[in-house]
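See below for the structure under consideration.
The values are calculated or read from the model by the stated rules, or taken from the named source; none is laboratory data. A quick note: this is a predicted structure, and the numbers were derived from the prediction, not measured. Positions of Cβ are backbone-derived with ideal geometry, glycine not excepted, and every protein chain shown enters the neighbour counts.
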Amino acid sequence: MLASESFSGASIYQENKYEDRYKVTQESLNKNTSVGNPFKAKTPFNYTSGPISMTGYLHTTTGNFCIRVLLMGIYIGTFGDNECEIFDVDVDIFAATGNLRFDLREGNELWVDWKVELTWGGKFGEEVILVSA
């Protein structure tokens, strides 16, 4: 069974784990589901500096986050973590090498400390707060 959001008013079940089929059912109308708009709990961010670009969001009530990273215009990946407050991404591509360290502080500040060296010369990096909710 997939987890359902308590504010959604619906439950989502995977009928068979070997098939891509899901069933959505409405929860009891007696249940209090008036917690507001769930999308307002996501604080978006957009960060660009030198050769790196990051977009994503921080969920203000759960501390979950999602980060999409581009380096020199090359898609590196989409990262999100629900269990670790700190994690590293090592990068080794033809255009650059380096490291990105994401750090969720106080449950409401997402920081990145990144360092990149371009193949044809140039070093970039800084520690910066991506979003504070």
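Against the conditions (1) outside any loop (DSSP other than H, G, I, E, B); (2) without any contact (Cβ under 8 Å) to a residue 24 or more places away in the chain; (3) over 15 Å from PHE124 (Cβ atoms), GLY56 satisfies every one except (2). Pairs meeting the criteria (first residue in segment 115-133 and more than 14 Å from VAL69 (Cβ to Cβ), second residue loosely packed, with under 13 Cβ neighbours inside 10 Å and basic (Lys, Arg), beta carbons under 7 Å, at least 6 apart or on different chains) are GLU117/LYS123. Checking each residue in segment 64-80 for being within 10 Å of the chain's Cα centre (by Cα) and not in a strand (DSSP E or B) picks out ASN64, GLY80. Restricting segment 110-133 to residues that are within 22 Å of THR62 (Cα to Cα) and surrounded by fewer than 15 Cβ atoms within 10 Å (Cβ to Cβ), which is modelled with the lowest pLDDT? For segment 110-133, the residue satisfying everything is SER132. If the condition is being touching a Gly at 6+ places or on another chain (Cβ under 6 Å) and part of a loop (DSSP other than H, G, I, E, B), then segment 94-133 contributes only GLY107. Confirm whether PHE94 is modelled with pLDDT under 85, more than 15 Å from VAL128 (Cα to Cα), loosely packed, with under 12 Cβ neighbours inside 10 Å and among the hydrophobic types (A, V, I, L, M, F, W, C). For PHE94, the condition - modelled with pLDDT under 85, more than 15 Å from VAL128 (Cα to Cα), loosely packed, with under 12 Cβ neighbours inside 10 Å and among the hydrophobic types (A, V, I, L, M, F, W, C) - is not met. Within segment 81-91, the only residue that satisfies the criterion of being surrounded by 15 or more Cβ atoms within 10 Å (Cβ to Cβ) and either charged (D, E, K, R) or not in a strand (DSSP E or B) (or both) is ASP81.
Give THR61, THR78 a once-over and let me know the one that is among the polar types (S, T, N, Q), in the same structural domain as THR43 (by TED's automatic domain parsing) and in contact with a Cys (Cβ under 8 Å, 6 or more places away or on another chain). Only one candidate passes the filter, namely THR78.
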